[in-house]
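Asks: Handing you a structure now.
The values are calculated or read from the model by the stated rules, or taken from the named source; none is laboratory data. This one's a predicted model, so the numbers in the text were calculated from it and none came from an experiment. All Cβ positions, even for glycine, are placed from backbone atoms using ideal geometry, and neighbour counts span all protein chains on display. For accessibility, only protein heavy atoms count, side chains too; no ligands or nucleic acids. Shrake-Rupley method; radii C 1.70, N 1.55, O 1.52, S 1.80 Å.
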There are 2 protein chains.
Amino acid sequence: MGRGCATPLVPCASVSLLVQKFGGTSVVDADRIKAVADHIVRTRREGDDVVVVVSAMGRTTDELERLAHEVSPAPAPREMDMLLTAGERISISLLCMALIDRSQRAVSFTGSQAGIVTDTSHGKAKIVEVRADRIRDAVAAGDVAVVAGFQGVSTARDVTTLGRGGSDTTAVALAAVLGARACEIYTDVAGVYTADPRIVPEARILPRLSYEEMLDMSATGGRVLALRSVEFARNHGVPVHVRSSFTWQPGTWVEEEDPSMEQAIISGVTHDSSEAKITIQQVPDRPGVAATIFRALADELVNVDMIVQNVSNVSQHTDVSFTVPKEDLPRALRVMEKVQAEIAAAGLSHDPAIGRVSLVGAGMKSHPGVAAQMFEVLASEGINIEMISTSAIRISCVVSETDVEKAVRALHRAFQLEDVGGEA
Amino acid sequence: MGRGCATPLVPCASVSLLVQKFGGTSVVDADRIKAVADHIVRTRREGDDVVVVVSAMGRTTDELERLAHEVSPAPAPREMDMLLTAGERISISLLCMALIDRSQRAVSFTGSQAGIVTDTSHGKAKIVEVRADRIRDAVAAGDVAVVAGFQGVSTARDVTTLGRGGSDTTAVALAAVLGARACEIYTDVAGVYTADPRIVPEARILPRLSYEEMLDMSATGGRVLALRSVEFARNHGVPVHVRSSFTWQPGTWVEEEDPSMEQAIISGVTHDSSEAKITIQQVPDRPGVAATIFRALADELVNVDMIVQNVSNVSQHTDVSFTVPKEDLPRALRVMEKVQAEIAAAGLSHDPAIGRVSLVGAGMKSHPGVAAQMFEVLASEGINIEMISTSAIRISCVVSETDVEKAVRALHRAFQLEDVGGEA
């Protein structure tokens with residue numbers, strides 16, 4: 001029986017459940033915490049049960065990391081997790097206090113108490129199981145369950161963290177296990193935009209995106225949702241609603257693509273200037289060479305993103321280019337100097353001053369010519385394309401870092417993304 | 001087998017265990033945490049296994065309480081405990097990082113992980129059981145176990161706190177359960193003094209005290225050790241060593257009285273100016289009146305300390321005086337106004353400007369005349385005594401607050417406490 005059934009004679013409709021996740025900027029101080037509590041109470045009054053997932057307040061996690069580095073040059077990972085999980089402990093308890101003040105029953109749960117069981121990879125643990133019995137009991141008792149995001153307990157009974165963006169993953173995992181009707185991700189932006197509104201003032205909030213589009217946008221610089229949480233949502237079919245904790249207005253729904261609906265060709269333009277490009281020149285084109293290069297990088301834990309290799313020319317040699325996070329560039333270059341000698345490549349060059357501009361849209365699957373139009377738009381702006389890579393619903397071009405904003409604006413305009421349902 | 005046995009041919013003496021507790025001032029910043037880590041490593045090198053109990057850094061607990069009151073006028077007790085336990089989480093993990101940097105294996109444990117099981121009284125929980133299996137396993141594996149003080153997990157699986165001074169209790173309880181050879185309480189003072197050295201510059205550190213003496217000193221204003229932890233130590237026969245985390249010099253041992261040793265008559269002079277006095281005048285001297293008064297106060301959770309009632313005079317009426325913490329005075333007076341009418345007492349008076357001065361010493365049991373000498377000393381200083389109460393090893397006098405320091409100095413001098421083994 002759901003709570004709030006006025007008369008015992010009328011069968012009570014089963015109450016539906018929402019998971020609401022609030023990021024650090026949504027709980028940055030006492031006033032924001034009270035505003036969040038007000039919103040949760042409103043949601044309950046509208047008839048949904050609510051499970052809440054909270055991140056640490058504001059920059060708490062960064063502050064704790066700074067403290068760790070004051071004590072130790074290389075903090076032990078298990079202890080780093082013990083330390084960082086103090087952050088959400090503070091926000092969950094404060095939010096519960098505010099809810100209880102508003103006559104709303106509420107109980108806080110650490111990741112461990114909420115049954116978020118992970119592997120033992122401290123700092124980047126993966127969820128292996130969710131034993132949500134205590135959460136279910138709390139909801140059944142009429143409580144709002146307030147769960148610490150980002151954290152869990154390992155199979156070895158140690159406290160773990162899920163890595164940056166982990167709170168989104170906690171929220172989606174709980175929504176999946178509890179059968180929530182949606183997972184609402186409250187943040188400091190109003191939803192997912194057709195492009196970064198700081199670069200394109202006429203950028204528009206997308207009311208709806210497929211999981212695949214959101215994945216490609218997250219992977220290419222749209223930082224609203226953590227990639228892992230989108231994958232988790234897609235794998236478990238959890239509808240995600242990205243929205244603002246400042247205006248409380250509807251934002252962007254991320255869910256199963258609806259084949260009956262007309263798709264816009266392009267959903268948005270994303271960009272990312274956090275990577276650097278490395279090119280290894282005149283690589284002998286024989287089996288195993290690419291494996292040698294990327295195994296060496298993987299062994300040094302360098303995160304390679306885009307990889308482009310052209311077909312070999314007449315000389316049976318080819319250039320291989322790839323991008324890595326800028327902070328990994330020195331490490332990657334050291335690895336590549338060794339590899340270059342090993343595979344007898346002619347040279348090695350790198351460029352940290354690059355940016356990637358991507359068009360994402362499920363509609364481009366059935367609309368040939370999008371890539372050609374993208375290259376024409378960039379050419380007409382005098383922008384040189386250094387690398388190209390594509391997927392079924394995404395085209396990415398690496399350009400000079402100084403051309404990124406111009407490229408984003410030109411593409412947004414050319415594909416008419418400021419118009420609802422706009423097509424080129 | 002203990003670790004560090006140099007040759008396998010020589011049987012290895014069983015390694016003994018020390019519990020070391022570090023208060024908030026001992027771990028106030030990164031530098032102090034590193035100094036504590038250095039000391040723990042030294043202790044290990046000298047051959048002891050070590051279990052460490054840590055409080056929250058500096059004023060962290062006060063800061064978290066302030067935050068709670070920004071969010072809520074009356075924070076929910078369960079959530080307050082969830083909040084406050086973030087404090088020790090930070091200090092245990094940072095201390096472990098520092099130990100691991102020093103090549104000393106270390107593992108942090110929350111109160112819950114350390115098996116500190118309590119009742120469900122949030123904010124002032126009592127330990128009901130210590131399931132120290134994980135601590136024992138860690139020590140057997142060669143780790144320093146670093147345990148969060150002040151916190152536990154209730155029989156209802158909620159996080160609890162033990163109240164102020166709770167970290168001392170955690171340390172003593174672990175020492176008892178683990179059979180430690182001693183519990184070292186590191187603090188910002190050098191030990192237990194014959195009187196407050198800020199008032200009596202020639203005050204001296206007592207090398208040794210019985211549990212009973214320490215109890216009376218804690219109860220009457222000697223704030224070095226929390227009363228509960230001393231009771232726990234006495235009940236379980238745990239030797240406690242109070243010492244400085246700044247000089248690392250030996251301090252005061254609190255342990256079983258050794259009947260073979262000559263006792264000094266008086267161990268120290270304590271004082272306390274945190275209480276106020278209430279007198280209810282001309283109370284009819286019939287059975288049940290005292291019960292009425294103190295039941296009414298207990299029901300309002302007013303903490304009554306000293307109680308003095310004289311034999312009744314010819315009129316069959318008597319005055320009853322008692323002391324309460326100054327912050328409870330308004331509440332206590334409201335209660336007493338009702339009680340006064342109920343029991344038909346003649347009047348009610350109160351005085352917040354009082355202080356208590358106490359002489360504590362196991363030796364006074366066998367030395368009559370200590371009380372008389374105390375009263376003579378106060379009289380010769382022109383100090384009026386407002387209330388007197390005694391136990392077998394303590395005499396307390398309530399005097400005017402302005403006379404407290406003069407009384408402490410005069411008594412310290414008269415009983416020659418500046419001399420080692422001094423007697424009057």
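Asks: Could you give the spread of the C-alpha atoms of chain B along their three principal axes, from largest to smallest, in whole angstroms?
Replies: 83, 53, 35
Asks: Using 1/(1 + (r/R0)^6) with R0 = 22 angstrom and r between the beta carbons of B:Glu202 and B:Lys124, what's the FRET efficiency to the nearest 0.05?
Replies: The formula returns an efficiency of 0.05 here.
Asks: In nm, give the distance between the simple-model label positions of B:Ser274 and B:Ala346, each being 7 Å from the Cα along the Cα-to-Cβ direction.
Replies: Result for the modelled spin labels: 3.5 nm.
Asks: Semi-axes of the equivalent ellipsoid for segment B:351-424, please: Cα gyration tensor eigenvalues, times 5, square-rooted, ordered largest first, whole Å.
Replies: 20, 14, 10
Asks: Continuing with this model, one more query. Over the whole of B:95-107, what's the average partner chain Cβ count within 10 Å per residue? Rounded to a whole number, please.
Replies: Mean inter-chain Cβ contacts per residue within 10 Å come to 4.
Asks: Report, as a whole number in µm² per second, the diffusion coefficient that Stokes-Einstein gives for the protein assembly as shown at 37 °C and 0.692 mPa s using the Kirkwood radius over alpha carbon pairs.
Replies: The estimated diffusion coefficient comes to 103 µm²/s.
Asks: Still on this structure: Give me the angle, in degrees from 0 to 90, between the Cα long axis of helix A:370-380 and the longest principal axis of the Cα atoms of chain A, rounded to the nearest 10.
Replies: The angle comes out at about 70 degrees.
Asks: Right, something else. Classify segment A:272-383 from the C-alpha gyration tensor, please: rounded if a/c falls under 1.5, else prolate or oblate depending on whether a/b exceeds b/c.
Replies: prolate
Asks: Percent of alpha carbon pairs in segment A:116-255 separated by more than 23 Å?
Replies: 37 percent
Asks: Using only the heavy atoms of the protein chains and a 1.4 Å probe, how would B:Glu212, B:Glu46, B:Glu256 rank by accessible area, largest first?
Replies: Largest to smallest exposure gives the sequence B:Glu46, B:Glu256, B:Glu212.
Asks: With everything on Cα atoms, drop me the angle between helix B:227-236 and the longest principal axis of chain B, reported from 0 to 90° to the nearest 10.
Replies: 60 degrees
Asks: Give the nm distances, rounded to one decimal, from A:Gly179 to the matching residue in every other copy, measuring between label points 7 Å along Cα toward the beta carbon; shortest first.
Replies: 5.3
Asks: If I fit a long axis through the Cα atoms of helix A:329-343 and take the longest principal axis of the Cα atoms of chain A, what angle between them do I get, 0 to 90°, rounded to 10?
Replies: Roughly 40 degrees, rounded to the nearest 10.
Asks: Averaged over its residues, how many other protein chain Cβ atoms are within 10 Å of peptide A:112-119's Cβ atoms?
Replies: That works out to 1 on average.
Asks: Considering only DSSP beta bridges whose two residues both sit in segment A:17-188, what percent are antiparallel, to the nearest 5?
Replies: That works out to approximately 20 percent antiparallel.
Asks: Write down the percent of antiparallel bridges among all DSSP beta bridges whose residues are both part of the protein assembly as shown, to the nearest 5.
Replies: For the protein assembly as shown, the DSSP antiparallel bridge percentage is about 60.
Asks: A further question follows. Determine the gain in length on full extension of the stretch A:Ser16-A:Arg331; use 0.36 nm per residue of separation and subtract their C-alpha separation, reporting nm with one decimal.
Replies: Length gained, A:Ser16 through A:Arg331: 108.3 nm.
Asks: Pick from B:Glu342, B:Glu257, B:Glu79: which residue has the top mean-square fluctuation in a GNM of chain B where Cα pairs under 10 Å get a spring?
Replies: B:Glu342
Asks: B:Arg208's amide H: which non-local residues (gap 5+, or another chain) put their own amide H closer than 5 Å, with H modeled 1.01 Å from N in plane and none for Pro or chain starts?
Replies: Excluding prolines and chain starts, which carry no amide H, the hits are B:Trp253.
Asks: Here's another thing I want to ask about it. Would you kindly work out, in nm and rounded to one decimal, the distances from the label point of A:Val28 to those of the same position in each other copy, ordered shortest first, with label points 7 Å along Cα-to-Cβ?
Replies: Going from nearest to farthest copy, the values are 3.2 nm.
Asks: Still on this model: Can you list the aspartates and glutamates whose alpha carbon is less than 14 Å from that of A:Lys338, not counting same-chain residues fewer than 8 positions off?
Replies: Straight-line reach from A:Lys338, under 14 Å: A:Asp299, A:Glu300.
Asks: Treating only the Cβ atoms of Lys and Arg (+1) and Asp and Glu (-1) as charged, compute the dipole magnitude of the protein assembly as shown about its Cα centre; round to the nearest 20 debye.
Replies: Once rounded to the nearest 20, the dipole reads 940 debye.
Asks: Under a point-charge model restricted to the Cβ atoms of Lys and Arg (+1) and Asp and Glu (-1), what is the dipole moment magnitude of chain A relative to its Cα centre, in debye to the nearest 20?
Replies: I would put it at about 1020 debye.
Asks: Once you order the gyration tensor axes a ≥ b ≥ c over the Cα atoms, which shape class does segment A:47-144 get: rounded for a/c under 1.5, otherwise prolate or oblate by comparing a/b with b/c?
Replies: Oblate, because a/c is 1.5 or more while a/b does not exceed b/c.
Asks: Hey, another quick one. Contact order normalised by length for segment A:141-283, with contacts defined as Cα pairs under 8 Å and 6 or more residues apart; what percent is it?
Replies: Relative contact order for segment A:141-283 comes out at 26 percent.
Asks: What nm value, rounded to one decimal, do you get for the distance between B:Ser103 and B:Lys365 when each label is placed 7 Å out toward the C-beta?
Replies: 5.1 nm
Asks: Suppose every Lys and Arg Cβ carries +1 and every Asp and Glu Cβ carries -1, with no other charges. What dipole size does segment B:171-255 come out with about its Cα centre, to the nearest 20 debye?
Replies: With Lys and Arg at +1 and Asp and Glu at -1, about 160 debye.
Asks: Using a 1.4 angstrom probe on the protein heavy atoms only, could you order B:Arg394, A:Arg223, A:Arg286 from most to least accessible area?
Replies: So the residues, ranked largest to smallest area, are A:Arg223, A:Arg286, B:Arg394.
Asks: Moving to a separate point now. Please compute the length gained on full extension between B:Arg295 and B:Val308, using 0.36 nm multiplied by the number of residues separating them and subtracting their Cα-Cα distance.
Replies: Gain on stretching B:Arg295 to B:Val308: 3.1 nm.
Asks: While we're looking at this one, here's another question. Using the structure shown, select from B:Lys326/B:Lys406; A:Lys21/A:Lys277; B:Lys21/B:Lys124; A:Lys124/B:Lys21; A:Lys21/A:Lys365 the pairs with a Cα to Cα distance greater than 25 angstrom.
Replies: The answer is A:Lys21/A:Lys277; A:Lys124/B:Lys21; A:Lys21/A:Lys365.
Asks: Counting only Cα, what are the radius of gyration and maximum Cα-Cα distance Dmax of segment A:17-188, in Å?
Replies: In Å, with Rg to one decimal and Dmax whole: 15.2, 51.
Asks: How shielded is A:56-69 by partner chains, expressed as the average number of their Cβ atoms within 10 Å of its Cβ atoms?
Replies: 2
Asks: Roughly what would the spin-label model give for B:Asn235 and A:Asp258, points 7 Å off Cα along C-beta, in nm?
Replies: 6.6 nm
Asks: Running a GNM on chain B with Cα contacts under 10 Å, which residue among B:Gln151, B:Gln20, B:Gln113 ends up with the highest mean-square fluctuation?
Replies: B:Gln113
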